[in-house]
Amino acid sequence: MSKLTHLTLTEARDGLSKGDFSARELTQAHVEAVEACRSLNAFITETPDKALDGADASDKRRSKGEAGVLEGIPLAIKDLFCTQDVLTTAGSHILDGFQPQYESTVSANLWAAGAVMLGKTNLDEFAMGSSNMTSYYGGVENPWRREGSNAPLVPGGSSGGSAAAVAARCAMGATGTDTGGSIRQPAAFCGVVGMKPTYGRCSRWGIVAFASSLDQAGPMTRGVRDAAIMLRGMAGHDPKDSTSVDTPVPDYEAAMNGDVRGLKVGIPKEYRIDGTPAEIDTVWQQGIEWLKAAGAEMVDISLPHTKYALPTYYIVAPAEASSNLARYDGVRYGLRVQGDTLDEMYEATRGEGFGAEVKRRILIGAYVLSAGYYDAYYNKARRIRTLIANDFKAAYEKVDVVLTPTAPSAAFGMGDKMDDPVAMYLNDVFTVPASLAGLPGISLPAGLSADGLPLGLQLLGQPFEEGTLLKVAEVLETAAEFDALPQIIS
Ligand code: GLN
């Protein structure tokens, strides 16, 4: 495999601007890497011709002195983002053959910044899941293996294809979306960096909706600086999304000065959960030591409503999903299964088009929103959501950022937990609270488990303080010196 695919996005940007190689050469190397990694099933659709045409156009722009912030960088796009004239599936049978006539704002922003599209990555169906096993297009394999074992592992989910593609050096970066952890948890499982920005930082327009009050797009990359560069290319106000916030996008790299002296880091006691493997605590403790050594101050904090976060999320998210997914009816686009009457056509289309996990969410969502149960479930969940957000507000009066593990385990086997939805939902225990509060979070690889799998640390921040998070994450990244490679490419 060509060395060009082993560069970080930052190194590639600098190499392109010095003229060490062209966007065409860089893209060609990645197109070949995508082909070489097909066994992972990380891509639903590969777009090599689009990639190479895009690279040529990029080289032309550069020769005219018109380079954008992601000029010539080959990226993969989670198949939840609508891409004009390119199959967009959301990992679901129900969107069979759907080729949007429009481009999502985030992907349009990336192309306007000069990036090049390699293809669309696999995901849990409608982004519902933590393993990438619920995709109609099949599970994705994590490029990592346990030491001494060849058993395939999940990449996490729902942005599992994006995480696997970045870890396997098929793409310099990829978009993800995070509703309750779908950027951060797969990033942790695959040993890459994943950032969920503040709710409203990136436009949701043209992203297939799961739970609209939680969904947020973000970058998945191999380095923290890479994430800063990519986020700058994705973010921004969009009048087409009324929840997108009209605040300027800073140059995140400018905030990354390596200086965390005096910064206050909250350590929430509720994130020490019985039954979490010791190595998760060890990596957390290691993160604490690294930040202390860099001059930051650790502060014990309490986020008392943490234990209600998962049940709250698994009411709010399905409620919104049941409403959002009502639009898939076999009439306007995607799959249609004929029936004798209109109602039968709806039933047959939705019955065949949705997988088991999506149906479970629609049923839960319809139940918690039903007339007799609305107050008992949905309204109560909304009130608890406010309490969870208030916990964070109170904590941020005392601290600048919060440090926690990203997930309660390393990657697990393909097929594990599939018969136990609650065990699957527990994957999100550390990521869901910040999602409910709309706060930014980043996961970065911090070490390896005893059997050689990546473990992630999570930093949570205050609204629109992505720059602070990136700065602290870079300090952790430097201390962690994480340079292990997944078996598939080492
Ligand atoms: N794993 C969580 C779920 O299944 C989160 C998914 C996501 O963030 N899209 O809902």
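The values are calculated or read from the model by the stated rules, or taken from the named source; none is laboratory data. Remember, predicted model here, so these are calculated numbers, not experimental data. As a convention, Cβ positions derive from the backbone with ideal geometry for all residues, glycine included, and neighbour counts pool all protein chains shown. Surface accessibility is based on the protein's heavy atoms, side chains included, excluding ligands, DNA and RNA. Shrake-Rupley method; radii C 1.70, N 1.55, O 1.52, S 1.80 Å.
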key: Distant-in-sequence amide H partners of residue 121 (H built 1.01 Å from N, under 5 Å)   = 44, 77, 78, 79
query = Counting only heavy atoms of protein chains, what accessible area per residue, in Å², does the chain have with a probe of 1.4 Å?
reply = 37 Å²
query = Tell me, what ³J(HN,Hα) does each residue in the range 409-417 have, in order and in whole Hz, if you take phi through Karplus 6.51 cos²θ - 1.76 cosθ + 1.60 with θ = phi - 60° and put x for Gly and Pro?
reply = 7, 7, 4, 10, x, 5, x, 5, 6
task = Would you tally the net charge around residue 330, using a Cβ to Cβ cut-off of less than 12 Å, leaving residue 330 out, and scoring K and R as +1, D and E as -1?
result = -2
Alpha-carbon centroids, the range 255-315 and the range 29-77: separation in whole Å = 37 Å
R0 of 41 Å, Cβ-Cβ distance residue 66-residue 390: FRET efficiency to nearest 0.05 = 0.30
query = Under 19 Å from the Cα of residue 64, which lysines turn up, not counting those fewer than eight places away in the same chain?
reply = 18
remark   = Highest mean packing first, using Cβ neighbours within 10 angstrom, the peptides 402-410, 300-308 sort as 402-410, 300-308
For peptides 194-200, 328-334, sequence by mean Cβ density within 10 Å, most packed first = 194-200, 328-334
key: Modelled FRET efficiency - R0 22 Å, residue 254 with residue 479, Cβ distances, 0.05 increments   = 0.55
note = Total charge of the residues flanking residue 294 in space, meaning their Cβ is under 15 Å from its Cβ, with Lys and Arg +1 and Asp and Glu -1, is -3
ask   = In percent, what relative contact order does the range 3-259 have, based on Cα pairs under 8 Å that are 6 or more apart in sequence?
value = 19 percent
query = What is the local net charge at residue 181, summed over the other residues whose Cβ is closer than 11 Å to its Cβ (Lys, Arg +1; Asp, Glu -1)?
reply = 0
query = Taking amide H positions as placed 1.01 Å from N in the peptide plane, with prolines and chain starts having none, which residues 5 or more places from residue 102, or on another chain, fall under 5 Å of its amide H?
reply = 85
inquiry  = Per-residue counts of other Cβ atoms within 10 Å, averaged by peptide: what ranking do you get for 364-377, 113-126, highest first?
reply    = 113-126, 364-377
Centroid-to-centroid separation of the range 222-243 and the range 405-449 [C-alpha atoms, Å] = 23 Å
remark   = Taking Cα pairs closer than 8 Å and at least 6 residues apart, the relative contact order of the range 14-105 in percent is 23 percent
note = One computes Rg over Rh for the range 3-259 from alpha-carbon atoms, with the Kirkwood Rh, and obtains 0.94
remark   = Of every hundred units of 1.4 Å-probe accessible area on the chain, the number belonging to carbon and sulfur atoms, as a percent, is 50 percent
remark   = With all protein chains in place and a 1.4 Å probe, residue 267 shows an accessible area in Å² (nearest 10) of 10 Å²
task = Would you pull out the residues with amide H under 5 Å of residue 400's amide H, same chain only if 5 or more places away, H placed 1.01 Å from N?
result = 264, 265, 266
request  = Kindly provide the helix-only [θ] at 222 nm of the chain, computed as the sum of -39,500 (n - 2.57) over DSSP H runs of four or more divided by all residues, to the nearest 500 deg cm²/dmol?
outcome  = -11000 deg cm²/dmol
query = Using Cα pairs under 8 angstrom and six or more residues apart, how large is the relative contact order of the chain, in percent?
reply = 18 percent
